[in-house]
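Read through the structure below, which is laid out as structure tokens, and then see the notes.
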């Protein structure tokens, strides 16, 4: 066994986040009389991506992002719905939307059967992520989940990984692998923490200069040969 400890990102690594987000958005739209069209969702999606990119750069807080996206979205639609309530309804619905990516369950089950310890490392909203994990097959497969909101730091900051390592003292740079889809948070975070990393890249995105990528996979089943 090369890596007995495995730190998994969640969204777009284990869960199909676009599918979950689209479903939760539809629920929110129905509750507030907002047109649920591809164009309207694209507007929200672009606003949301811009704000989360600012969060990843450390420019704004998660609390700011989750509310401000609806402030800007409703302003762009010239609608007077309550942005805070829209956000609450969206997050509540999102917590019920857990759609595993292809092969995610079988790979995680195989890893657990082989004796690996699996952990979640995520920047997502804590209430949403814990709800999704409890309602999915992954709840029984992962030893623990470390969520930035509870850690007081977020990926890619080294302080976040210090928090994780303080709670799992056995983790070292020799026995642990970080697996995730985001170069900005997962791979850079692993680099900052001095941990080996595996980039899950099913879309064949180009690499970025200045980042160490120890492994790259396009299918989660490839992970079984690495670890």
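The values are calculated or read from the model by the stated rules, or taken from the named source; none is laboratory data. Treat the numbers as computed from the prediction; the structure is a model and nothing was measured. Note: ideal-geometry Cβ built from the backbone for every residue, glycine included; neighbour counts use all protein chains shown.
Would you confirm whether or not segment 78-86 contains a residue that is touching a residue at least 24 places away in the same chain (Cβ under 8 Å), outside any helix (DSSP H, G or I), farther than 30 Å from residue 6 by Cβ and in contact with a helix residue (DSSP H, G or I) (Cβ under 7 Å, 6 or more places away or on another chain)? Yes, segment 78-86 contains at least one residue that is touching a residue at least 24 places away in the same chain (Cβ under 8 Å), outside any helix (DSSP H, G or I), farther than 30 Å from residue 6 by Cβ and in contact with a helix residue (DSSP H, G or I) (Cβ under 7 Å, 6 or more places away or on another chain).
The listed residues are 86, 108, 29, and the only one of them that is under 17 Å from residue 9 (Cα atoms) and surrounded by 19 or more Cβ atoms within 10 Å (Cβ to Cβ) turns out to be 108.
Residue-by-condition table, conditions (1) assigned by TED's automatic domain parsing to the domain that holds residue 218; (2) more than 18 Å from residue 179 (Cα to Cα):
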{"residue": "50", "(1), (2)": "no, yes"}
{"residue": "64", "(1), (2)": "no, yes"}
{"residue": "69", "(1), (2)": "no, yes"}
{"residue": "77", "(1), (2)": "no, yes"}
{"residue": "81", "(1), (2)": "no, yes"}
{"residue": "104", "(1), (2)": "yes, no"}
{"residue": "124", "(1), (2)": "yes, no"}
{"residue": "149", "(1), (2)": "yes, yes"}
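For segment 49-63, the set of residues classified as in a helix (DSSP H, G or I) and modelled with pLDDT under 95 consists of 49, 52, 53, 54, 55, 56, 62, 63, listed by residue number. Of the helices (runs of 4 or more DSSP H) lying entirely inside segment 113-210, those containing at least 1 residues that are touching a strand residue (DSSP E or B) at 6+ places or on another chain (Cβ under 6 Å) and within 16 Å of residue 9 (Cα to Cα) span 126-134, 158-167, 188-193.
When the criteria are applied in full, residue 94 meets the requirement of being farther than 17 Å from residue 148 by Cα, surrounded by 13 or more Cβ atoms within 10 Å (Cβ to Cβ), at pLDDT below 95 and touching a helix residue (DSSP H, G or I) at 6+ places or on another chain (Cβ under 6 Å).
Put simply, of 135, 139 the only residue that is over 25 Å from residue 218 (Cα atoms) and either under 17 Å from the mean Cα position of the chain (by Cα) or surrounded by fewer than 19 Cβ atoms within 10 Å (Cβ to Cβ) (or both) is 135. Here is a check on your reading of the model: is residue 72 out of contact with any helix residue (DSSP H, G or I) (no Cβ under 6 Å at 6 or more places or on another chain) and not in a loop (DSSP other than H, G, I, E, B)? Answer is no for this residue.
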